[in-house]
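Asks: Here it is, the structure in full.
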Amino acid sequence: MITHWKLIAVLLLIVVAQLTWAQRVRDPLNSKETNELREAKQDPPKRLKLYTQYARARMQAIEHLRSDPRFAADRGPEMHDLIQDLGTIVDEMDDNIDMYAEARWDIRKPLKEIIQTDTELQLKLRQLKESATGDPALAEEVQKHYRFVLDDTIESVNSSLDIARKTLEDQEAAAKKKELRKPE
């Protein structure tokens, strides 16, 4: 009987722990962005274009937060969240690229835009990381709040750029063979 109650208590603790963890996972998209993506599910070029817009918007927010002295006091945690959101958006974009490429959708045009966006993000994130080397206060902020998430996001963007280039190459070959389908 006591063993039965112990088992129930352990299971209850596991459920509570999972619910608590699930509440902490941030959604990088607001409800408007989520609805836009949902509506564009069957229009791969439009959906991928939305992801590039959201990634650029997060990068602009990061740059604004970084450069505006009014936000200096609480900047570290906010930068962490924005950089993490950017990385998540880039990862979701890559998942969509894989999904649409596997289904043989013609996504050459948005892939070119993704390559351009990833290249811009790569440069700006690298500049963000390097800017901390000359300023001890900024270096401390980066180390304390967002160094790991910045490194992860840089890695995600680098990977995204590689994926987009390879997929574009594959798409160009498939287009010559007329193996791609156009969005309805």
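Asks: Which one of the conditions (1) surrounded by 12 or more Cβ atoms within 10 Å (Cβ to Cβ); (2) more than 30 Å from A72 (Cβ to Cβ); (3) more than 21 Å from the chain's Cα centre (by Cα) does K166 fail to meet, given that it meets all the rest?
Replies: (3)
Here is a yes/no grid of residues against (1) of a type outside the set (S, T, Y); (2) more than 18 Å from the chain's Cα centre (by Cα); (3) modelled with pLDDT of 95 or more:
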site: I115; (1), (2), (3): yes, no, yes
site: E120; (1), (2), (3): yes, no, yes
site: L128; (1), (2), (3): yes, no, no
site: A137; (1), (2), (3): yes, yes, no
site: Q143; (1), (2), (3): yes, yes, no
site: Y146; (1), (2), (3): no, no, no
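Asks: Would you please name the residue that is surrounded by the most Cβ atoms within 10 Å (Cβ to Cβ), looking only at residues in the range 43-82 that are without any contact (Cβ under 8 Å) to a residue 24 or more places away in the chain and under 15 Å from E120 (Cα atoms)?
Replies: A61
Asks: Check whether at least one residue in the range 97-104 is of a type in the set (K, R), touching a residue at least 40 places away in the same chain (Cβ under 8 Å) and in contact with a strand residue (DSSP E or B) (Cβ under 7 Å, 6 or more places away or on another chain), and report yes or no.
Replies: yes
Asks: Now for a separate question. Which residues, counting only those in the range 20-71, are part of a helix (DSSP H, G or I), at pLDDT 90 or above and among the hydrophobic types (A, V, I, L, M, F, W, C)?
Replies: L37, L48, L50, A55, A57, M59, A61, I62, L65
Asks: Right, another one. What number of residues within the range 142-184 are touching a Ser or Thr at 6+ places or on another chain (Cβ under 8 Å) and among the hydroxyl-bearing types (S, T, Y)?
Replies: 0
Asks: How many of the residues in the range 93-107 are buried (at least 16 other Cβ atoms within 10 Å of the Cβ) and assigned to a helix (DSSP H, G or I)?
Replies: Step one: list which residues in the range 93-107 are buried (at least 16 other Cβ atoms within 10 Å of the Cβ), which gives 93-94, 96-97, 100-101, 105-107.
Going one step further and asking which of them are assigned to a helix (DSSP H, G or I), we end up with 93-94, 96-97, 100-101.
Going through the range 93-107 one residue at a time, the tally reaches 6.
Asks: Within the range 7-19, is there a residue that is farther than 21 Å from N158 by Cβ, surrounded by 12 or more Cβ atoms within 10 Å (Cβ to Cβ) and either of a type outside the set (G, A, S) or modelled with pLDDT of 95 or more (or both)?
Replies: no
Asks: Could I ask something else about it? Given the criterion more than 23 Å from A61 (Cα to Cα) and without any contact (Cβ under 8 Å) to a residue 60 or more places away in the chain, identify the matching residue among K176, K129, K109.
Replies: Result: K176 is the single residue among K176, K129, K109 that is more than 23 Å from A61 (Cα to Cα) and without any contact (Cβ under 8 Å) to a residue 60 or more places away in the chain.
Asks: Hey, another quick one. Looking at (1) within 15 Å of K166 (Cα to Cα); (2) part of a loop (DSSP other than H, G, I, E, B), can you tell me which one T133 breaks?
Replies: (1)
The values are calculated or read from the model by the stated rules, or taken from the named source; none is laboratory data. Quick caveat: nothing in here was measured; it's all calculated off a predicted structure. Cβ: placed from backbone, ideal geometry, glycine included. Neighbour counts: every protein chain shown.
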